[in-house]
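Presented below is the structure to which this report refers.
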Amino acid sequence: MFIQLGTPERLNSIGQETIDLKEAKSRIEIAVLDDKPFAPKDSLVSHGFRIRELGPDIRSIDMISAYPIVICDVRGVGKAFGSSLEGAHLVSEIRKDYPDKYIVSYTGETYSLPLTNALAAADKRLAKDDSIDVWIKTLESGLNEVSNPRNRWIRLRTALLSRGVELHHVFNLEQALIKAVHARKPEILNNKATSAEISAEAKDLVIKFSATALATLISSALGI
């Protein structure tokens, strides 16, 4: 039987209804995985976005750990992973390891069924000929999402539940997250995940979240 002592903290206590988009644009780097120069880059930079082109040869998912938003071409990317789906496979793998990230896929080709299934993991799918206005709207939506610790946690929480983590373990981790944000100490969540009786995979997801997403959100709140 699961018994909760005391009054739990509300997740809404760490949410943000609005963000300063100009500040978020200047602070958050957006990773691009593409085998060619990213055509919208100059226009997006002119609109205040920080774009970091990482090229096509990513060999470890952890190479994008520092980037809350990832833009991924569908073809010519991630060949080291050995999948015929290339960038679509990479999108799926990024979602598995970092469920809190905002992922945008784009391509100039028609999606096959396998590609469509793999790209279901992306938050947004764009065409290479989409206008700069579409790119701006998409990336501003991404910034709003990843700048909010509540929304980032909800993404991770959904992934934990889908992996079979019991509800009371997720609740305890959520309470640790709220305490970590209020105390501005990401190690509170890390320590709770380390001691939790959950699978190694689930533990790894929460520890990565604590070290990357949560630590960055707290640092930005402190102005570090």
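The values are calculated or read from the model by the stated rules, or taken from the named source; none is laboratory data. A quick note: this is a predicted structure, and the numbers were derived from the prediction, not measured. FYI the Cβ positions are ideal-geometry reconstructions off the backbone, even for glycines, and counts take in every protein chain you see. Surface areas here come from the heavy atoms of the whole protein model, side chains and all, with no ligands, DNA or RNA. Shrake-Rupley method; radii C 1.70, N 1.55, O 1.52, S 1.80 Å.
So the values come out like this:
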| quantity | calculated |
| --- | --- |
| Helices (runs of 4 or more DSSP H) wholly inside the range 112-195 that include at least 1 residues being within 20 Å of SER13 (Cβ to Cβ) and touching a strand residue (DSSP E or B) at 6+ places or on another chain (Cβ under 7 Å) | 132-146 |
| Residue list for the range 13-30, filter: over 23 Å from ILE51 (Cα atoms) and part of a loop (DSSP other than H, G, I, E, B) | GLY15, GLN16, GLU17 |
| Test set (1) touching a Gly at 6+ places or on another chain (Cβ under 7 Å); (2) under 21 Å from LEU214 (Cα atoms); (3) without any contact (Cβ under 8 Å) to a residue 24 or more places away in the chain - PRO56 fails condition number | (2) |
| Subset of the range 87-110 (residues that are touching a residue at least 24 places away in the same chain (Cβ under 8 Å) and either small (Gly, Ala, Ser) or not assigned by the TED database to the domain that holds ALA66 (or both)) | GLY87, ALA88, SER92, SER105 |
| Checklist (1) at negative phi; (2) assigned by the TED database to the domain that holds ALA127 applied to GLY82, failing item | (1) |
| Those residues of the range 160-182 which are open to solvent by 10 Å² or more (accessible area, probe 1.4 Å), touching a Leu at 6+ places or on another chain (Cβ under 9 Å) and not β-branched (Val, Ile, Thr), in sequence order | LEU161, ARG163, LEU167, HIS169, GLU174, LYS179 |
| Tally, over the range 186-202, of residues that are open to solvent by 50 Å² or more (accessible area, probe 1.4 Å) and touching a helix residue (DSSP H, G or I) at 6+ places or on another chain (Cβ under 8 Å) | 6 |
| Filtered residue count, the range 55-64, keeping only those that are open to solvent by 30 Å² or more (accessible area, probe 1.4 Å) and not charged (D, E, K, R) | 3 |
| Residue selected from the range 65-99 under the condition part of a loop (DSSP other than H, G, I, E, B) and within 12 Å of the chain's Cα centre (by Cα), by the criterion surrounded by the most Cβ atoms within 10 Å (Cβ to Cβ) | PRO68 |
| Qualifying positions in the range 26-54 - open to solvent by 30 Å² or more (accessible area, probe 1.4 Å) and under 28 Å from LEU205 (Cβ atoms) | ARG27, GLU29, ARG50, ARG52, GLU53, LEU54 |
| Meets criteria (closer than 30 Å to LEU167 by Cβ, more than 21 Å from the chain's Cα centre (by Cα), among the acidic types (Asp, Glu) and modelled with pLDDT under 95) for GLU9 | yes |
